[in-house]
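Here the structure is laid out as structure tokens; the discussion comes afterwards.
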Amino acid sequence: MPREMRRLILDDSEFNEAIRVFVESREQMFHGATLVSSRISGETPLEAELTVLTQSRQQSTVKLTAAHLAAAVIAYCFAYRIPLPRSSDKSVKRVPGGIALDIMMGKK
């Protein structure tokens, strides 16, 4: 059975916005920290290194895995009402022009 693939590409500013909102919305993980900067630190699998400012005004570095980055992009899509299929395989990767969310639909 053929599988369908869909790709959404967030440019760098959209991806940074997705990460910023992710940090702000994950109180248990970031304890009220605010995002200072982010950079891609690994390509395969995709990883990001964030610099955050804690509530005590200390800078801290946090690594996010591909699963966290995918969650951030999915939440961004949800916030902007970009429809995504529930039952699909999703992955993120670096592509020219930004970060891609690849969506595979159909049986393997």
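The values are calculated or read from the model by the stated rules, or taken from the named source; none is laboratory data. Here the structure is a predicted model, which means the values were calculated and not measured. Heads up, the Cβs are rebuilt from the backbone with ideal geometry, glycines too, and the neighbour counts pull from every protein chain shown.
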Any chance R57 is loosely packed, with under 13 Cβ neighbours inside 10 Å and either in a loop (DSSP other than H, G, I, E, B) or polar (S, T, N, Q) (or both) | yes
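Could you check region 39-58 and list, in sequence order, the residues that are under 18 Å from L101 (Cα atoms) and either more than 15 Å from the chain's Cα centre (by Cα) or of a type in the set (G, A, S) (or both)?
S41, G42, A48
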Conditions (1) in contact with a helix residue (DSSP H, G or I) (Cβ under 9 Å, 6 or more places away or on another chain); (2) without any contact (Cβ under 8 Å) to a residue 40 or more places away in the chain -> D89 fails only (1)
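Of the residues L64, L46, L35, only one is in contact (Cβ under 8 Å) with a residue 24 or more places away in the chain and over 30 Å from K107 (Cβ atoms); which? First the steps, then the outcome.
Values: L46 fails: over 30 Å from K107 (Cβ atoms); L35 fails: in contact (Cβ under 8 Å) with a residue 24 or more places away in the chain.
The conditions single out L64.
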Every listed condition ((1) touching a Leu at 6+ places or on another chain (Cβ under 8 Å); (2) more than 21 Å from V95 (Cβ to Cβ); (3) of a type in the set (D, E, K, R)) holds for R26 save (1)
Positions within region 60-108 being under 20 Å from M1 (Cβ atoms) and part of a loop (DSSP other than H, G, I, E, B), in sequence order | P85, R86, S87, S88, G106, K107, K108
Might you check whether a residue that is at pLDDT 90 or above and β-branched (V, I, T) occurs anywhere in region 4-15?
-> yes
